[in-house]
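Student: The structure follows.
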Amino acid sequence: MANSPAATCNKHCLVSKISHYTLSLKSSNLYLRRIIFKLMTKMKKNLLITTLFALAISTYSYSQCTVDPQYTNAGIWPDPIEGIGSGMLGYPYLQNFTTVVPSDTSLTLPPVSGTVNSMTITGVTGLPSGVTAVCIPSSCVYPGGTKGCMEFSGMPVATGTFVVNVTYVVNATMTDPITVPAADLPAQTIVYSLVIQDSAGFVGITEEVLEIVQLEILPNPSSEMTKIRYTSPTSQNVHFALYNLIGEKLLVQELDSSAGINELDLNVSEFKSGIYFVSLSTDNNTVTRKLVVGGR
């Protein structure tokens, strides 16, 4: 028996509807897969950003300022005459300062004397963008008769010669010839010159060896362990040498340095008390600092 037109229509309609639903289902699945792919891509990007941010934080958080025992006179050290280290654009910068606060003070005009209660660093201005000043303690208040520290650290994003002003105030109680309640003495400002060099043209396929831009020895003087801290603008080989006062070479080591801040622990407990010289050199330059061994 032949199919009627109605039956034929119903059959074709049924096939058409099934095909339509199948295509709709496939389109929906494809749409959902695209949404899931976009979400996963976004999550990966966020995870990468979070990871990079955490790495950046860890790079800067490992370091904190330390008190250098070689400084004993009242003030903030190094002073402008000794100067501070230069930096390189786009590379970590670190400069350590030691604050020495006396327990008493005297003024000549008029002639009075008294007790120092504290010294406070009230401001640091003129630092290049990307570099900040951090105190220990974080309040930047150092009690009388103590030592503390401060550091400039960060990643410079501008080149040039920067005039950096460090302002501090001493709080004292005057006792001679008359007792005067605790009060802040006139603010004092120390002026430093900070040079940030341009690294453009130095880092490239030629892998040219660059100069060391900073070298610190902490603590100094030292009787046991001391830390050699230096900044290299790129990954390179650095030659380390230790000399005595008459120029005899006592230690030699090749250092596989990475770009940024590098540290080397040096045990001086077996050395005789006296003056030594730490030398770091590349193909382009040599930096030398004095190391005092003693205090045993």
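Student: Across the range 229-245, which residue is surrounded by the most Cβ atoms within 10 Å (Cβ to Cβ) among those that are part of a strand (DSSP E or B) and of a type in the set (S, T, N, Q)? Step through it out loud before you land on a result.
Tutor: Looking only at the range 229-245, we keep the residues that are part of a strand (DSSP E or B), and these are 229-232, 236-243.
Pick out the ones that are also of a type in the set (S, T, N, Q) and you get 231-232, 236-237.
On the way: 231: 23, 232: 25, 236: 20, 237: 13.
Once the filter is applied, the top-ranked residue is 232.
Student: A further question follows. Among the residues of the range 273-286, how many are hydrophobic (A, V, I, L, M, F, W, C) and closer than 10 Å to residue 240 by Cα? Steps first, answer last, please.
Tutor: Start the filter on the range 273-286 by keeping residues that are hydrophobic (A, V, I, L, M, F, W, C), which leaves 275, 277-278, 280.
Add one more test, that the residue is closer than 10 Å to residue 240 by Cα, and what stays is 278, 280.
So the count comes out to 2.
Student: Is the range 109-118 home to any residue that is within 22 Å of residue 218 (Cα to Cα) and modelled with pLDDT of 85 or more?
Tutor: Pass one, the range 109-118, residues within 22 Å of residue 218 (Cα to Cα): none.
Within the range 109-118 (the criterion being within 22 Å of residue 218 (Cα to Cα) and modelled with pLDDT of 85 or more), the answer is no, since none of the residues qualifies.
Student: Criterion first (surrounded by 15 or more Cβ atoms within 10 Å (Cβ to Cβ), modelled with pLDDT of 90 or more and hydroxyl-bearing (Ser, Thr, Tyr)) does residue 226 satisfy it? Spell out the reasoning first.
Tutor: Details: surrounded by 15 or more Cβ atoms within 10 Å (Cβ to Cβ): yes; modelled with pLDDT of 90 or more: yes; hydroxyl-bearing (Ser, Thr, Tyr): yes.
In short, yes.
The values are calculated or read from the model by the stated rules, or taken from the named source; none is laboratory data. Predicted model, so just to flag it, every value in this text is computed and none were measured. We place every Cβ from the backbone using ideal geometry, glycine too, and count neighbours over all the protein chains shown.
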